[in-house]
Amino acid sequence: MSLASRSIPATFVVLWASGFIGARYAMPWSEPFTFLSARFILAAAILLLLALRLAGPLPTRRQALHCMVAGVLMHGGYLGGVFWAIRAGMPAGISALIVGLQPLITAILAGRLLGEQVMPRHWAWLGTGFVGVVVVLWPKLGIAADAIAPAALAAAVWAVVAMSLGTVWQKRFVSRVDMYWGAISQYIGGAVPMILGSLLFETRTMVWTGELIFALAWLVLVLSIGAIFLLMVMIRDGDMAKVASLFYLVPAVTAVMAYFLFGEELSPVQIAGMAIAAVGVGLATAQPPTRARASR
């Protein structure tokens, strides 16, 4: 495996974690569905310009439809659910903790729908990774469960289920579609529920500050194009349970970014949680010895 290929997981985690920082800059200046609609439309437009010069063959109508379904789930469902839950009063720490269930849910779905075998040791390390996430986020969870609006809780749960379903859908139906056309179709699919949500529930007001412009540019170019392409490569080439386990590292990396950018507390307990999550992810994604792989 080349150095570039080995660096994809770490690069993806850092880029994905930066999305939560971008959202923090953006949300004071725009409603969530309106912001995400703009983000997805801009990403699709930029990718279309690139695809006209760089992309391979167009997907079939069936493949494009499957890509759009994956986009509804991975982009509209996941990001829409998380952004809306936080806007509705869900603390970011609790929202991140719920989203941290994604690797376990994805492993279950991958076993049921893709026939991927998740070994007992992988379940153990997936559980270890989740424990690490809990430790990292524990200092930020200081809110009584009965203070969380049921609608916000439902939105956060929907977000994690949608992301898990979307990644499995991507792996099963469209992992071999040209990535440019596949991503364009995904963003068209993700934009549809966000546009409907903004029309039904929001005023569609965006205050064009420097922070909003920076956040939109960062989230479109770095997240919606860079990070998503890396995720699509990993989904295409890897086992879903192993790919999903990388999301355990996102809260830890986000906490480090927030420490340097916003001066948020980073306690010894959180650092210990990061180490636990890293160990869990490292062992869950580790390749078995060559002899063991050959004997399977």
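Laboratory data are not the source of any read-out in this text; all were calculated from the coordinates shown. Nothing here was measured: the structure is a model prediction, and the numbers come from that model. All Cβ positions, glycine included, derive from the backbone under ideal geometry; neighbour counts span all protein chains shown.
Could you sort the peptides 163-176, 40-53 by per-residue average Cβ neighbour count (10 Å cutoff), highest mean leading? Each step should come with its number before you reach the end.
Values: 163-176: 21.7, 40-53: 16.6.
Highest mean packing first, the order is 163-176, 40-53.
Ranked by the mean number of other Cβ atoms within 10 Å of their residues, highest first, the peptides 149-157, 211-219, 54-62 come out as 211-219, 149-157, 54-62. Phi angles of segment 72-89 translate, via the Karplus equation with coefficients 6.51, -1.76, 1.60 and θ = phi - 60°, into HN-Hα couplings of 4, 7, 6, 9, x, x, 5, 5, x, x, 5, 4, 5, 4, 5, 5, 7, x Hz per residue; Gly and Pro are given as x. Charge tally around LEU47: other residues with Cβ under 15 Å, Lys/Arg +1 each, Asp/Glu -1 each, net +1. The string of couplings for segment 61-69 from the Karplus curve (6.51, -1.76, 1.60, θ = phi - 60°) is 4, 5, 5, 4, 5, 4, 4, 5, 4 Hz, one whole number per residue in order, with x for Gly and Pro.
Count Lys and Arg as plus one, Asp and Glu as minus one, and take only other residues whose Cβ is under 15 Å from that of TRP181; the net charge is then +4.
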